[in-house]
């Protein structure tokens, strides 16, 4: 979700987006924001800069560690609607409460690298879980990594009729997408635009969000005319609210979303329960109904990975 401070801007293959008027630039590592001038004085700007700098560096700001009989799970922003249902179902089955933290895959990975006390990580790609598993193997840390969902990319417009490639060429409004460097759904959107030879057409009217959740906020609030988001988000919001174009799977590399345990299953049985729950028939039904494709059935064992 946006914090109301403006729309991020970052140079990429798709170029630059326009800034709103009467705003102040705030530039930090990995972040370019415009802050409404009327809302800030020097003290507030300094405080905002400190907060954003901490966030950009991946420093974790929560309690040191979750209780032994509970779980803290880092979840890719696009998967939030489905995970809220999974969290409730898991807790009912095992009486284990879950604290969920949502964000872009890149941001959550940075937090993990900086020691954030997560038990499990549900990413929106395969790259970060693979890197984590490789590092854990060097320290003889037992991990399981597998694909739990296949993401589906859509171009969603809350007020336009039938958005599609031809519509993108004809419109002049802003198009929102997640930062390709932070979010796999942003990378998929960028790849799709390049494959459709539309990247130059929309480059000057593209706005970037730090996560697909922020992109959805930009689009639903009217800051962007349309946005590349996850099908699951549109389903939760209401398929009758606006129109969508489900981007063909052939337009981008498969969005394989993988889960990996950060804490050893041997040292925390609740982690083992959760990893097994993710491939249960109950979890699979929830994931499928939330707008995701399902991977092939997996037979899990310790130290197993799946690509």
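Read the figures in this text as sums done on the coordinates, not as results from a lab. The structure presented is a predicted model; accordingly, all values stated were derived computationally and were not measured. So basically every Cβ, Gly included, is an ideal-geometry build from the backbone, and we count neighbours across all protein chains shown.
Of all beta bridges that DSSP places with both ends in region 136-242, some 40 percent have antiparallel geometry. For region 71-226, the normalised intensity computed at q = 0.13 Å⁻¹ comes to -0.68 (log10 of I(q)/I(0), Debye sum over alpha carbons, equal scatterers, no solvent).
Over region 152-307, what is the percentage of antiparallel beta bridges among all DSSP beta bridges, to the nearest 5? Taking every DSSP beta bridge within region 152-307, about 55 percent pair in antiparallel fashion. Each of residue 130 and residue 246 was given a label point 7 Å from its Cα along the Cα-to-Cβ line. The distance between the two points is 2.8 nm.
With contacts taken as Cα pairs under 8 Å and at least 6 residues apart, region 151-232 reaches a relative contact order of 47 percent. For region 153-251, the share of alpha carbon pairs falling in successive 10 Å distance bins from zero is 18, 58, 24, 0 percent.
Peptide packing: for 267-275, 173-181, 246-254, the average count of neighbouring Cβ atoms within 10 Å per residue gives the ranking 173-181, 267-275, 246-254, highest mean first.
Give me the extension gain from residue 181 to residue 267: residue separation times 0.36 nm, minus the current Cα-Cα distance, reported in nm with one decimal. Display every interim value, and only then the final one.
On the way: separation 86, 0.36 × 86 = 30.96 nm, distance 3.38 nm.
Net length gain for the segment: 27.6 nm.
Using a cutoff of 8 angstrom between alpha carbon atoms and counting only pairs six or more residues apart, the relative contact order for region 199-289 works out to 12 percent.
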